[in-house]
Amino acid sequence: MAHSFEDMFGRAVNLMAARMPPTPPETVDSFLTSPGLFYVRNHGPVPQVREDEIQDWEFSIEGLVENPMTLTLRQLMSEYEQVTYPITLVCAGNRRKEQNQVRKSKGFSWGAAGLSTALFTGVVMSDVIRRARPLRGARYVCMEGADKLPNGFYGTSVKLNWAMDDNKGIMLAYKMNGEMLRPDHGKPLRAVVPGQIGGRSVKWLKKLIITNAPSDNWYHIYDNRVLPTMVSPDESANNPRWWYDERYAIYDLNVNSAITYPAHGERLSLIGLPENYRIKGYAYGGGGRRVSRVEISLDKGRTWQLSDINYPEDLYRGVNQQLYGGQLDMSWRESCFCWCFWSLSIKVSELKEADDILVRAMDEAMNIQPRDMYWSVLGMMNNPWFRVAIIKDGNLLQFEHPTQPALIPGGWMERVKSAGGDLTNGHWGEQFGGGGSAPIERAVEAEVKMTKDGVDRIITIDELRRHGNADQPWFVLNGEVYDGTEFLGGHPGGAQSIISAAGLDSTEEFMAIHSETAKAMMPKYHVGSLDGVSRVALREGDPQGQSIEKRKVFLQPRAWTKAALLEKRIVSWDTRIFVFQLEHQEQTLGLPVGQHLMVRLRDPVTGEAVIRSYTPITEIKEKGLLEVLVKIYFDTEEIKGGRMTLALDALPLGRFVDFKGPIGKFEYLGRGSCTIGGELRQVKSFLMICAGSGVTPIYQVFRAIIQDPEDSTYCVVLDGNRLFEDILCKQELDAYATENSDRCKVVYTLTKAHEEWDGMRGRISGDLIREHMPWSEGTMALICGPEALETSVRKWLSEQGWKNSDMVFF
Ligand code: MTE
């Protein structure tokens, strides 16, 4: 079954290309989520644990136990029975963006993709607790992580009898899909609590404390709860008693489902297509309960059709074998801890008549998804029927999901709301033509007042910009100026997000992610109003204010344009592909081959703008997306890491980044023609020398040449790196080189190669250059790498008779 997780984003990510461990029973391709797509939910900075410290990682079992213990990961791995189980983790905020559309909750906007599945390897938690021998009166297991957050370490609890019940599958895991845990997922040790919300699966686990009462950790009390729906953000802030009522704490997941196909934005032509369309999606139950049915309605819930369900988890029940160092044996356990996939073939003619597709799932305890949303202050456990609207456009049907994740605009909820529909009117806010639906009354949302009475200071843009730093960060919301200085320490999102907004108009982001409570706090920080001219100037400096519909090309040479971070693909431990969404799907990047763009971010610590140039790996003809391959320079004991790359790595999805360009003196026009500083040149062959991430501009030109069968320009790429793992774009370069050996050659040389490496060793040298491409008429050298390499290459080339005008340093 080709069920792809990424479909919910409506974008083409090839899951099969992602590194996937072999799974024991031949299972469906995307039952297990690839590491790069596995969702990440961290409340603060990720604790850094060095490779050589992993085995010595210590955690304690203390509290109401006869035999308190401290164990190392080494002991856990050697002294206990190891197990491997497939488990789906689901964030309690999955589908929260729908809640935020109805009324802003205190939580950020997950789409329907806040869940992922992996094979976890570790030790059953009860084995460890049993050795510590809990005392009489012990009822809870409190867990604490190593991540130090504004309100203490992250921690929570589950009931002791659940932890001791092997049917519940609660474990201490150190591997995911056969790999040691990655930093984001709790490296080196985490709890995994199947069937319950992800928030109970504490990462970077340091303590298990056995107690007679639930955890009193701040994050256990003020997070992961569904307060009664009438409790407003204000009421919850003024009356802490709501948070202390353990009845409102969430443990088991509730039954939920979503549609993946049709994807958001998918179009279906009514002409000449097969008669049927297969609707697909996922479903999960909570507490180990099996999803017992998934039903589809095309008439707003009057009638329902039963879909087919595939339970890939069941394929693992039939085996009893070692996997990734743990015993995989689920034959004795009936519980369902993983998502399942449903599908239903529908007549296209039926879809044509329908306004929407609705799905609901039921579990084996007959819990069923409700029609209406249960809104609550944290926006968690959202599980009403998942609805995909059908927009008719002549002979085309276009499908619209409820929302697009994070700050990405789109979805029927936003459309309906901005047209004045009341999303809680029982008809999803829509006014269906002739459907007999009740007339819609426009919802009037009380605006929260964010200004302070009596503040009448007029502020100019110059004054604002003088506060565009970390010392006294001022920012603008709806033309009003706020001073964030006093709130730097207390801001739940960290000081960094205020500093990043300094000197800028942050209306869009602020309004999108802040609750009414947060808005109601703003008068305290209000310092004045921006004058009219400055408001215009601020807006004009921000191309988002322009009509983006009209702009076919994203990059502008004299103004910064913003694109939202859509995805962060992990290529290796220190390399990522950052995928940004352009302003609309038809927009092209506007970057000629061989040129670069500038990226601007604010230093999270100082608030200063950090600007670097990059060459994206996006193909010229690609629309709507911008992909940048970046090697992250982490802090080491001796050297401070890269400011830009660390800031990029810390960016949450949905955050806007500024881009400007194109820049660069070289442009490749195709078929040997290029310009240097505007001067036209004809080239017969290119010598391309690069190292590390310097490959990106080289790769761009190389790809353009090789992709054009009529381009006879010969290319030699000399790519120098330390380790094999450091070679970027290798797969792509090799694929082109193998298929076009008459037109190009790619040579790698490594200074710290593993023993198995059978390629070149050592640094790029003058001899290597002479061997692979001596100078001749019509050759040109393109060079991109660290300064030392560039200086040496210049020297060697000059010695070998190359003229300065034949060398381009990126
Ligand atoms: N554990 C610690 N120590 N700190 C955290 O911020 N987040 C929790 C949980 N465990 C968190 C944590 C939440 S809310 C979720 S949904 C899951 O981890 C997410 O796990 P993942 O990032 O591996 O997908």
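Which of (1) near the ligand (Cβ under 9 Å from one of its atoms); (2) within 17 Å of SER60 (Cβ to Cβ); (3) touching a helix residue (DSSP H, G or I) at 6+ places or on another chain (Cβ under 7 Å) does ASP147 not meet, given it meets every other one?
Unmet condition: (3).
Is it true that some residue in segment 656-668 is modelled with pLDDT of 90 or more, under 21 Å from HIS772 (Cβ atoms) and either among the small types (Gly, Ala, Ser) or surrounded by 14 or more Cβ atoms within 10 Å (Cβ to Cβ) (or both)?
Yes, segment 656-668 contains at least one residue that is modelled with pLDDT of 90 or more, under 21 Å from HIS772 (Cβ atoms) and either among the small types (Gly, Ala, Ser) or surrounded by 14 or more Cβ atoms within 10 Å (Cβ to Cβ) (or both).
Look at segment 153-171 and say how many of its residues are within 13 Å of the ligand (Cβ to nearest atom) and of a type in the set (A, V, I, L, M).
Within segment 153-171, residues that are within 13 Å of the ligand (Cβ to nearest atom) and of a type in the set (A, V, I, L, M) number 1.
For segment 312-333, which residues satisfy the criterion of being among the aromatic types (Phe, Trp, Tyr), more than 10 Å from TYR85 (Cβ to Cβ) and surrounded by 17 or more Cβ atoms within 10 Å (Cβ to Cβ)? Show your work before the answer.
First, pick out the residues of segment 312-333 that are among the aromatic types (Phe, Trp, Tyr): 316, 324, 332.
Still in the running and more than 10 Å from TYR85 (Cβ to Cβ): 324, 332.
Scanning segment 312-333 gives a single hit, TYR324.
Among (1) free of Cβ contacts under 8 Å to residues at least 60 places away in the same chain; (2) under 18 Å from THR88 (Cα atoms); (3) among the aliphatic types (A, V, I, L, M), there is one condition LEU306 misses while meeting the rest; what is its number?
(2)
Please indicate, with yes or no, whether at least one residue in segment 332-346 is of a type in the set (A, V, I, L, M) and outside any strand (DSSP E or B).
Here is the first cut: in segment 332-346, the ones of a type in the set (A, V, I, L, M) are 344, 346.
Now narrow it down to the ones that are outside any strand (DSSP E or B): none.
Scanning segment 332-346 turns up no residue that is of a type in the set (A, V, I, L, M) and outside any strand (DSSP E or B).
Taking the criterion of being over 32 Å from the mean Cα position of the chain (by Cα), modelled with pLDDT of 80 or more and either basic (Lys, Arg) or in a strand (DSSP E or B) (or both), would at least one residue in segment 432-452 satisfy it?
Of segment 432-452, the ones over 32 Å from the mean Cα position of the chain (by Cα) are 432-444, 446, 449, 451-452.
Okay, now just the ones that are also modelled with pLDDT of 80 or more, so 449, 451-452.
Restricting the remaining residues to those that are either basic (Lys, Arg) or in a strand (DSSP E or B) (or both) gives 449, 452.
Checked segment 432-452: at least one residue is over 32 Å from the mean Cα position of the chain (by Cα), modelled with pLDDT of 80 or more and either basic (Lys, Arg) or in a strand (DSSP E or B) (or both).
Output the number of the condition that LEU205 fails; it satisfies all remaining conditions of (1) within 25 Å of the chain's Cα centre (by Cα); (2) over 24 Å from LEU172 (Cβ atoms); (3) of a type in the set (A, V, I, L, M).
Exception for LEU205: condition (2).
Count, please, the residues in segment 231-257 that happen to be farther than 18 Å from GLY152 by Cβ and more than 16 Å from the ligand (Cβ to nearest atom).
Residues meeting the conditions: 17.
Can you name the residue in segment 263-292 that is in contact with an Asp or Glu (Cβ under 9 Å, 6 or more places away or on another chain) and among the charged types (D, E, K, R) and, of all such residues, is surrounded by the fewest Cβ atoms within 10 Å (Cβ to Cβ)?
ARG267
What number of residues within segment 201-222 satisfy the criterion of being assigned to a loop (DSSP other than H, G, I, E, B) and touching a Ser or Thr at 6+ places or on another chain (Cβ under 8 Å)?
Residues of segment 201-222 assigned to a loop (DSSP other than H, G, I, E, B): 201-204, 212-217, 222.
Applying the additional criterion that residues be touching a Ser or Thr at 6+ places or on another chain (Cβ under 8 Å) yields 202, 214-215, 217.
Qualifying residue count, segment 201-222: 4.
Output yes when any residue across segment 208-230 is touching a residue at least 12 places away in the same chain (Cβ under 8 Å), within 11 Å of the ligand (Cβ to nearest atom), of a type in the set (Ser, Thr, Tyr) and farther than 22 Å from MET164 by Cα, and no when none is.
Scanning segment 208-230 turns up at least one residue that is touching a residue at least 12 places away in the same chain (Cβ under 8 Å), within 11 Å of the ligand (Cβ to nearest atom), of a type in the set (Ser, Thr, Tyr) and farther than 22 Å from MET164 by Cα.
Scanning for something surrounded by fewer than 18 Cβ atoms within 10 Å (Cβ to Cβ) and more than 24 Å from SER798 (Cα to Cα), does segment 743-751 turn up at least one residue?
yes
Would a scan of segment 413-429 turn up a residue that is crowded, with 23+ Cβ neighbours inside 10 Å, under 30 Å from TYR222 (Cα atoms) and modelled with pLDDT of 95 or more?
Looking for residues that are crowded, with 23+ Cβ neighbours inside 10 Å, under 30 Å from TYR222 (Cα atoms) and modelled with pLDDT of 95 or more, one finds at least one in segment 413-429, hence yes.
I'd like the full set of residues that are away from the ligand (no atom under 13 Å from the Cβ) and surrounded by fewer than 21 Cβ atoms within 10 Å (Cβ to Cβ), limited to segment 180-200.
Correct list: MET180 only.
Suppose we filter PRO774, PRO786 for residues that are more than 21 Å from GLY594 (Cα to Cα) and modelled with pLDDT under 90; which single one remains? I'd like the intermediate steps shown before the answer.
Numbers: PRO786 fails: more than 21 Å from GLY594 (Cα to Cα).
One residue alone meets the criteria, PRO774.
So the check is Cβ under 9 Å with 6+ separation or different chains; which pairs have a first residue in segment 141-167 that's modelled with pLDDT under 95 and of a type in the set (Lys, Arg) and a second one that's within 13 Å of the ligand (Cβ to nearest atom) and assigned to a strand (DSSP E or B)?
Short answer, once both residue conditions are applied: LYS148/TYR154.
The values are calculated or read from the model by the stated rules, or taken from the named source; none is laboratory data. Everything quoted here is computed from the prediction, not taken from an experiment. Heads up, the Cβs are rebuilt from the backbone with ideal geometry, glycines too, and the neighbour counts pull from every protein chain shown.
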